[in-house]
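Here is the structure we will look at.
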Amino acid sequence: MKRSRFFIPGSPQPSSWFGRVIQAILLTAVLVLTLMFSVVIIPTVIFLGLMAWAYIWWKTRALREQLKAAAKEAQTSTANAPPAEENLSADSQGIIIEGESIRVEPRSERF
């Protein structure tokens, strides 16, 4: 028996032309079913994702409005606030130092 180009070890090869026809029909049916399945599943997943996004968007609309109002209020209260020098306490010198520091130990203390 002659092996085909696409021989997979351990798989039975059709022994006659009838077996090859049946194999081709089954392969075609599997490909068509796979295509049909993907045509249904992919749009369904997209639709469900859009519905979940719309639900979350709708349920958080009040929170978004509160955040907008708070941001607007903070912006207007900052514009009306007195300058920073007037808000300093008596023991404060008005110097703000921000940053990071790294503690370096001498070599003798490391071990």
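Any read-out appearing in this document is the output of simple, stated calculations on the displayed coordinates, not a laboratory observation. Being a predicted model, the structure only gives us computed values, none of them experimental. No Cβ is skipped: glycine too gets one built from the backbone with ideal geometry, and neighbour counts run over all protein chains shown.
Before moving on, here are some points about what is shown:
- VAL39-ALA70 FRET efficiency (beta carbon distance; Förster radius 41 Å; 0.05 resolution): 0.30
- Potential lengthening between TRP58 and ILE97 on full extension [0.36 nm per residue; Cα-Cα distance subtracted]: 9.7 nm
- Applied to segment 49-62, the Karplus parametrisation 6.51 cos²θ - 1.76 cosθ + 1.60 on θ = phi - 60° returns per-residue 3J(HN,Hα) values of x, 5, 5, 5, 4, 5, 5, 5, 4, 5, 6, 9, 5, 5 Hz, with x for Gly and Pro.
- The C-alpha atoms of segment 34-76 occupy a region whose extents along the principal axes are 60, 15, 6 Å, arranged from largest to smallest.
- Each of the peptides 70-76, 20-26 was scored by the mean count of other Cβ atoms within 10 Å over its residues; in descending order, highest first, they stand as 20-26, 70-76.
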